[in-house]
Amino acid sequence: MGNQRIEYVLPNVSSIRQRGGLAERIDLARQFDCKYVEIPGDLIKNGTEEVKTGVDIGMPLKKEHIPLLYSQSPIEKGDCNYILHTEPSIPRTDQYNIITQTVIKWHHPEWVHDFSVMVGNITEFFGIPADFIEIHPGDKRNTIPDIVEAMRKIFEIQSRIWGDEPNIVLENRTGQMISRGKEIASLWNYIERSATDIIDKTGFVLDVQQLYTVTNPKFEQNLELIPPSCLKGFHIHRKHGTPAPSDQIPWKSVFSFIKTLNQPIFINPEVHHKNAVRPTIDFCELMMKE
């Protein structure tokens, strides 16, 4: 634990406008002693956004659409640290009872370009760079080299805007092409071998619940397959509620693993309701002391 430092993230709880802006999240983050705020960077995700922008569900936002969906406040760099949580590709039902699931196309260069430009435009609208950009694997049409090339494209555009690059973290997702310990290890091994130019700014955020859902009863074996050096963060929750030591997830093993890490990490207590944020942070603090 020599170089370990844990910082917390204010999750995108339901009481906050789901696009919104950074300013409305800052005060709430301070209440919970969170260094970072999470803000969504999805593609057009429902009928309301489709009507507002005139853009089909599942398509990237153009620059002119961003002020229609996000709010802007003057914020100085250092006043707010944020994680831009991009399109997760999950099924959604909107108020028109339309079920959609956006496809992540890392294998499609034009899509990657449009996605990367959108991410750049969102950060530029906020006026300060993201600390982390969180991406997701998508389906099995995507390959590990596709994901790495997409990361490079995101870095290129962020560097062009800000003169610097954020961290890019990939989240494991149930039903997507990287969901198990061996798949996380495979991507990291590829980066170590073939993408050393981006290794310092890339890594994983491990969603423990999703890993458990996919790998139970071999969860702990999968956890052991994950290279410790690739981890930059964790999502801690129990089906988006506050965890408990009595859960089926072996939290003691999870936090024993976290305590072995020798790098700074963030923990996102990824609950849906504001009143669950503090209990989830307290749970993490308690488990780290055991």
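Derivation of every value follows stated rules applied to the coordinates shown; laboratory data play no part. Computed from a prediction, not measured in an experiment: that's the story for all the values here. All Cβ positions, glycine included, derive from the backbone under ideal geometry; neighbour counts span all protein chains shown.
Exactly one of (1) part of a loop (DSSP other than H, G, I, E, B); (2) surrounded by fewer than 20 Cβ atoms within 10 Å (Cβ to Cβ); (3) not acidic (Asp, Glu) is unmet by LYS182. Its number?
Status for LYS182: all satisfied but (1).
Restricting the first residue to segment 15-31 and requiring it to be closer than 16 Å to ILE122 by Cα, which pairs with a second residue that is crowded, with 16+ Cβ neighbours inside 10 Å and of a type in the set (Lys, Arg) meet a Cβ separation below 9 Å and a spacing of at least six or different chains?
Qualifying pairs under 9 Å: GLN18/LYS45.
Can you tell me which residues in segment 103-136 are over 16 Å from the mean Cα position of the chain (by Cα), surrounded by fewer than 21 Cβ atoms within 10 Å (Cβ to Cβ) and not in a helix (DSSP H, G or I)?
Those that are over 16 Å from the mean Cα position of the chain (by Cα), surrounded by fewer than 21 Cβ atoms within 10 Å (Cβ to Cβ) and not in a helix (DSSP H, G or I): VAL103, LYS105, HIS107, HIS108, GLY127, ILE128.
Residues are listed down the side, and each one gets a yes or a no for (1) more than 20 Å from the chain's Cα centre (by Cα); (2) surrounded by 14 or more Cβ atoms within 10 Å (Cβ to Cβ); (3) under 17 Å from THR100 (Cβ atoms):
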site: GLU7; (1), (2), (3): no, yes, no
site: VAL13; (1), (2), (3): no, yes, no
site: ILE44; (1), (2), (3): no, yes, yes
site: ASP56; (1), (2), (3): yes, no, yes
site: GLU64; (1), (2), (3): yes, no, no
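Of all residues in segment 88-100, how many are of a type in the set (S, T, N, Q) and either in contact (Cβ under 8 Å) with a residue 40 or more places away in the chain or buried (at least 20 other Cβ atoms within 10 Å of the Cβ) (or both)?
3
Looking at LEU28, is it surrounded by 20 or more Cβ atoms within 10 Å (Cβ to Cβ) and not small (Gly, Ala, Ser)?
On the way: surrounded by 20 or more Cβ atoms within 10 Å (Cβ to Cβ): no; not small (Gly, Ala, Ser): yes.
Spelling it out, it is not the case that LEU28 is surrounded by 20 or more Cβ atoms within 10 Å (Cβ to Cβ) and not small (Gly, Ala, Ser).
What about THR215, is it of a type in the set (Val, Ile, Thr) and loosely packed, with under 15 Cβ neighbours inside 10 Å?
Working: of a type in the set (Val, Ile, Thr): yes; loosely packed, with under 15 Cβ neighbours inside 10 Å: no.
No.
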